[in-house]
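These notes concern the structure reproduced below.
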Amino acid sequence: MNVIHLSAECYPVAKVGGLGDVVGALPKYLNSLGINACVVLPYYDRKFVRESNFETVYEGCGKLGHQKFDFIILKEITDKLGFPLYLIKIPGLLDRQEVYSYPDETEQFVAFQLAFLEWMVQTNNEPDVIHCHDHHTGLIPFLVSHSSLYNSLKNVPTICTIHNGEYQGWIGWDKVSYLPEIDLSKSGLLDWGGCINSLATAVKCCWRFTTVSPGYLKELSVNSNGLELLFQMEEKKGIGIINGIDTQVWDPKTDERLIKNYDVKSFTAGKKENKKHLCNQFELNADLPLIVFIGRLVGEKGADLLPEIIKQTFKAYQNKVSILILGSGEKIIEKELLSLKAKYKKQFALFIGYDEDLAHRIYAGADFILMPSRVEPCGLNQLYSLRYGTLPIVNNTGGLGDTIIDFEEANGYGILFDHAAVSDAMTAVARAITLYNDEKKLSLIRKKMMNLNFSWDKSAKEYIQLYKSLIKEKHGL
């Protein structure tokens, strides 16, 4: 079975969030289970690409409206990621460093999809499944079904995985000319809210759509940034499959980024050593409970609550707790946090930006990770934390509710609160500090967490079952 994954991100080539982690891991696990899975990605002028060896496997020409563009398909020749990796390079369009935020982002991702389809058609490549990820590849299911240029792909099953429904790839109708020859009677499939909505198009036209947790699948029908009715209408096509983590990358026993490696038998000494180094780096007291936040400083992640949570925590506990934040995002939140850093020099540390090595060391050295997210389709940070023996404090939403059981419940191992609000988060923080002072109980919970299995093995098998069912459907079985 040949499955092609199309995405804007893939770790370690280009990662902005959880999308990159998923696409960098799922195909590898699929291949280990006998599937021929590959990834097709835009070309990025980044370290991984510059330090890897690629060969040109195809050169072609496409049209974006009246503008022609040349493109090349590059293949990484060693399969160092555990799956074949292909990059689509379009000079002047897909050859830049950053993944997002360019003014011509629409042109970038439309051209990416058109180049992919042109490559497939011209090389007579008919995969068993085309697996699209998020809105950046959301026009593919429509184009293979309703453009005569791609008739050879018409019967190929398409899947769209929604990693974050907040971002939908809106395109004004003034740019419809970017699309090739299409069946105009089907143009309504492109529209939602008076514009071309790439994510809505994918949901309407794909054979199945998946979300990255069962909880998020339910949430989309009541909170999806304007697509609620669509998800209600298309609910029979939806399947929630919880994300996994790459346990080869995220393993405290072998993680080369850590100061001291450890496993479930040696986590007490291992976490202590990593915490000591981390606190020394940020001038914090390693004898105090350390609560961390890792992620984008945006409202979706509840990051706007952090300044008040920090102030109330230090007011209530004074010199009895430390807080460390790694992230970047909205400037107003960054500014508030920077002012608090100056005020609470020995209690609060802040790293504006993102550093993969530091993130690993934080997971290893922290006692608790706080995730007050308003929206969390799956969440990977809580899964990494469990793997490293760091107890998650999370809002009960989306995938967080699917993966974390409160430690006071049967077989529990985390701390849940019910609303993305400062008061709820403060109650949870109080419970965490109380638990920290019960060393024996915390140790038992850490052991339980580290023995959990949230690898991709189970989820990859669920995707394989989905692929097989669609292939049967294709053949009328």
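No lab work stands behind these numbers, since they all come straight from the coordinates. Predicted, not measured: the structure shown is a model, and the values here were computed from it. Methodologically, a virtual Cβ is constructed for each residue, glycine included, from the backbone with ideal geometry; neighbour enumeration extends over all protein chains shown.
Taking packing as the residue-averaged number of other Cβ atoms within 10 angstrom, the listed peptides 236-245, 391-400 run from highest to lowest as 391-400, 236-245. Per-peptide packing, taken as the mean over residues of other Cβ atoms within 10 Å, places 402-411, 48-57 in the sequence 402-411, 48-57 from highest down.
Could you give the Stokes-Einstein D for the stretch 6-163 in µm² per second, using the C-alpha Kirkwood radius, 25 °C, 0.890 mPa s? The partial results should precede the final answer.
Values: Rh = 15.8 Å.
It comes out at roughly 155 µm²/s.
At q = 0.12, 0.16, 0.18 Å⁻¹ the log10 of I(q)/I(0) for the stretch 267-452 amounts to -0.49, -0.93, -1.24, computed by Debye summation with a single uniform scatterer per C-alpha, solvent ignored.
The Cα-based radius of gyration of the stretch 177-242, divided by its Kirkwood radius, gives an Rg/Rh of 1.02. Rounded, prolate or oblate: pick one for the stretch 235-323, where a ≥ b ≥ c are the square roots of the eigenvalues of its C-alpha gyration tensor, a/c under 1.5 means rounded, and failing that, prolate if a/b is larger than b/c, else oblate. Taking the square roots of the gyration eigenvalues as a ≥ b ≥ c, the stretch 235-323 is oblate. For the chain, the longest principal axis of the C-alpha atoms and the axis of helix 439-450 are separated by about 20°. Projecting label points 7 angstrom from Cα along Cα→Cβ for Lys186 and Asp104 puts them 2.9 nm apart.
The alpha carbons of the stretch 1-48 give a radius of gyration and a Dmax of 10.8, 32 Å, in that order.
Kindly put Trp173, Trp207 in sequence by how many other C-beta atoms sit within 10 Å of each C-beta, fewest to most.
On the way: Trp173 12, Trp207 19.
Ascending Cβ contact count within 10 Å gives the list Trp173, Trp207.
One quarter of the surface of the convex hull around the alpha-carbon atoms of the stretch 361-420 equals 3.7 nm², the direction-averaged projected area. Note on Lys320 and Tyr167: with the Förster distance fixed at 35 Å, the Cβ-Cβ geometry gives a FRET efficiency of about 0.30. Counted by neighbouring Cβ atoms within 10 Å, the residues Glu166, Glu356, Glu334 run from fewest to most as Glu356, Glu166, Glu334. Taken over the chain, the convex hull of the Cα atoms encloses 147 Å³ per residue.
Using the alpha carbons of the stretch 285-359, what is the convex hull volume per residue in cubic angstrom, as a whole number? It would help to have the intermediate numbers written out before the result.
Working: hull volume 6.1 nm³, N = 75.
So the per-residue hull volume is 81 Å³.
Under the convention that each Lys and Arg Cβ holds +1 and each Asp and Glu Cβ holds -1, the size of the dipole of the stretch 267-452 around its Cα centre is about 640 debye.
Going from the residue with the fewest nearby Cβ atoms within 10 Å to the one with the most, Ser455, Ser198 rank Ser455, Ser198.
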